[in-house]
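The values are calculated or read from the model by the stated rules, or taken from the named source; none is laboratory data. All of these numbers come straight from a predicted model, not from anything done at the bench. Every residue, glycine as well, gets a Cβ built from its backbone with ideal geometry; the counts of neighbours run over all protein chains shown. What goes into the accessible areas is simple: the full protein's heavy atoms, side chains included, and nothing from ligands, DNA or RNA. Shrake-Rupley method; radii C 1.70, N 1.55, O 1.52, S 1.80 Å.
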Amino acid sequence: MRTIKIFIASSSELKEDRDDFEIFIGRENKRLVDKGIFLDLELWEDFLDHISNSRLQDEYNNKIKECDIVVCLFFTKLGKYTAEEFDTAYEHFKIKGKPKIWTYFKNAQINTGSITEEINTLLAFKEKISSLGHFYTEYSNIDNLINQYRSQLDKFLPQFEQGNNIEVNPNNETSSKKIIEEPIKNTFNEVLTKRLIEAIRGYDKKANDFLSTYSDWESNPDLIPTAKRIIISGYVGVVGVQLRKLMSIGEEDFSDNKTKRYLENCQLTTIRALQLICYALISTLWDNQINNKTKLSQVQTNTLVKFFKNAAEENINGYTELLKILLETFSENKLELPIPQLKELLPKLEPETSFHKACSNLNALTQLLVDSSYSTTDCSEAENNLALVLENLNFLAEYRMISIKDINFDQQRNDREGLYLHNYTLLEGDSQANNNNQGRVRKETTPVISNAVLLFKDNYRQNINMVPFIIDYNGLADSGGSKICFYSFCNTYDDLNLNYNFIEDNSKVTIKKSNNPKPDDKDTRKINTWLAKKENRKDMNFDNVFHLFYEAKKTLTGIEEETVDDIF
């Protein structure tokens with residue numbers, strides 16, 4: 001096993017990017033282990049508890065000299081010691097030929113009020129490294145950074161793979177005995193961008209203004225990124241997040257890994273869109289059954305039982321069928337749809353329709369990915385199929401999602417009436433789903449439900465509550481930021497735990513019922529003492545998700561007990 005040591009140098013303002021980069025390296029290690037490579041990431045936070053007689057920065061500099069790679073990240077300031085770390089790496093590279101240095105400057109929106117004189121040192125540093133002949137790269141968000149750097153790793157790491165035939169020369173350059181193919185033209189997302197910006201113009205004012213102003217935008221390289229950003233911010237949050245990742249992957253240099261991840265994300269984007277609609281329908285049907293108790297057919301009941309008892313996540317075909325049965329349930333029972341445009345979607349779910357075929361084609365990618373028998377042609381076909389699916393779901397550009405955290409009551413002295421403070425996060429496609437800086441507060445005269453993920457069109461008070469099918473894990477854990485997770489499946493035949501997927505990286509999150517029951521609400525002193533502890537509030541919030549899931553199951557299927565003995 002060859003260990004490649006990587007050091008990240010950056011100022012404290014990019015801590016979130018460093019944390020996400022660390023997660024990315026962990027995922028890469030899972031992929032690289034079969035190639036005999038391990039990426040050992042060094043973060044300056046790892047040294048903070050280290051006791052040494054020398055200056056702590058000297059410890060960093062010595063570690064840099066031992067590393068194979070140094071990644072420097074910059075935003076609005078240089079960082080107290082980051083320039084020194086770059087100089088150390090650069091001087092050592094001139095002598096020893098390592099570490100390999102990658103420098104990235106973040107190009108993103110900033111609050112002008114946060115700009116200080118330190119930005120001058122950053123601009124001076126830019127000029128300095130340019131004069132050294134060192135090239136830097138810009139990145140717009142963490143996805144963009146990760147995808148760019150993954151492309152660099154794909155070029156850099158083959159020389160260290162077990163059983164390769166790549167030779168390394170003394171100048172730290174690689175040569176291969178294999179015949180190098182001509183680079184493939186990067187046309188990823190051209191079709192997707194063109195079709196989706198047109199599809200949402202009737203629902204998104206920004207898209208309509210853009211197309212009305214720039215009819216020739218496709219021929220202007222400066223306007224194409226703008227069109228992509230409009231699409232990402234236009235589609236409802238969770239779909240926008242997936243499109244952001246897809247667009248970012250498309251900008252990478254060509255590689256086999258890029259092709260694979262592009263196909264995987266075409267599937268994931270489809271699944272998230274179908275899940276969102278299915279969960280909105282199930283949540284609305286649950287509310288209806290509590291208030292009106294509509295009698296469902298055996299087929300409809302069996303479909304809901306299957307959903308609640310699934311011990312593995314459904315594929316695209318499964319969600320397409322679930323969506324069809326749910327829409328038929330609303331239609332046959334004359335129930336009001338939570339999203340009116342869904343009425344037009346029902347006939348498109350019949351076999352042999354273009355929408356149904358597109359979903360089936362995207363589902364079929366699974367076997368290509370398992371067999372590793374995919375090509376750029378498959379990417380082109382997947383892009384067209386995804387475009388067709390999202391064109392038919394263009395009404396999602398009318399909707400937004402927010403995560404309501406806690407709700408406080410504010411009443412100052414001499415105020416006749418107080419106001420409720422809703423602490424919330426607006427879930428947008430062009431923002432990280434776990435960004436700690438997105439929290440907002442809104443004053444209202446009446447409260448809404450706390451710890452809720454809400455889907456809404458114009459007014460967030462008129463909403464579809466998506467809990468327990470979509471949750472904000474960080475909101476429930478009271479840990480800051482948002483971590484939006486979609487329900488995946490239940491351990492029906494085991495411990496009954498609920499499994500969710502985090503939308504940023506599709507990692508699994510499990511909700512377990514705690515062994516920490518809340519005291520009786522009637523005992524005020526005891527319940528107040530219990531709630532004073534953060535861990536108790538966290539247990540209470542996750543237990544509530546667990547309870548709500550099984551309440552929904554009971555209401556919609558008639559299965560009353562939370563046991564593995566439920567009858568299918």
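For the residue pairs LYS245/LYS343; LYS293/LYS508; LYS334/LYS457; LYS35/LYS98, the C-alpha atoms sit more than 24 angstrom apart in LYS245/LYS343; LYS293/LYS508. I want the local charge near ASP371. Using Cβ-Cβ distances under 15 Å, sum +1 for each Lys or Arg and -1 for each Asp or Glu among the other residues. Taking every other residue near ASP371 into account, the sum is -2. When only Cα pairs below 8 angstrom with a gap of at least 6 residues are kept, the chain shows a relative contact order of 11 percent. Span-like helix criteria (full DSSP H runs; alpha carbon extent of at least 30 Å along the helix axis; mean Kyte-Doolittle hydropathy of at least -1.0) are satisfied in the chain by 256-291.
Classify the stretch 460-568 as rounded, prolate or oblate, taking a ≥ b ≥ c as the square roots of the eigenvalues of its Cα gyration tensor: rounded when a/c is under 1.5, otherwise prolate if a/b is larger than b/c and oblate if not. Oblate is the answer for the stretch 460-568, as a/c is 1.5 or above yet b/c matches or exceeds a/b. Rolling a 1.4 Å probe over the heavy atoms of the protein chains gives the chain an accessible area of 50 Å² per residue. Distances longer than 43 Å among the Cα atoms of the chain: what percent of all pairs is that? The answer is 27 percent, as a whole percent.
Think of the stretch 493-557 as a dipole: +1 on every Lys or Arg Cβ, -1 on every Asp or Glu Cβ, centred on the Cα centre; then among THR524, THR557, SER514, THR524 lies furthest on the positive end. Across the stretch 231-371, the mean sequence separation of Cα contacts (distance under 8 Å, 6 or more residues apart), normalised by length, yields a relative contact order of 24 percent. Only helical runs count toward this figure. For the chain, summing -39,500 (n - 2.57) over DSSP H runs of n ≥ 4 and dividing by all residues gives -14500 deg cm²/dmol at 222 nm. Using only the Cα atoms of the stretch 190-396, build the gyration tensor, take square roots of its eigenvalues as a ≥ b ≥ c, and label the shape rounded, prolate or oblate: rounded if a/c is under 1.5, else prolate if a/b is larger than b/c, else oblate. Oblate shape, in that a/c is at least 1.5 and b/c is the bigger or equal ratio.
Taking the 1.4 Å solvent-accessible surface of the chain as the whole, the part contributed by carbon and sulfur is 47%.
Relative protection proxy for 31-43, 311-323, from highest mean packing down: 311-323, 31-43 (other beta-carbon atoms within 10 angstrom). Counting only lysines at least 8 places from LYS533 when in the same chain, those with an alpha carbon closer than 16 Å to its own are LYS518.
From the Cα gyration tensor of the stretch 298-434, with a ≥ b ≥ c the square roots of its eigenvalues, which class applies: rounded if a/c is under 1.5, or else prolate if a/b is larger than b/c, or else oblate? Prolate shape, in that a/c is at least 1.5 and a/b is the bigger ratio. Within a straight-line Cα-Cα reach of under 21 Å, LYS96 can be paired with the following lysines, leaving aside sequence neighbours fewer than 8 residues apart in one chain: LYS5, LYS63, LYS65, LYS155. Restricting to the chain, what percent of DSSP beta bridges are antiparallel, rounded to 5? Roughly 65 percent of the DSSP beta bridges within the chain come out antiparallel. Partners of LYS553 within straight-line reach, counting aspartates and glutamates whose Cα lies under 13 Å from its Cα and excluding those fewer than 8 residues away in the same chain: ASP287, GLU561, GLU562, ASP566. Subtracting the Cα-Cα distance of ILE119 and LYS295 from 0.36 nm times their residue separation leaves 56.8 nm of extension gain.
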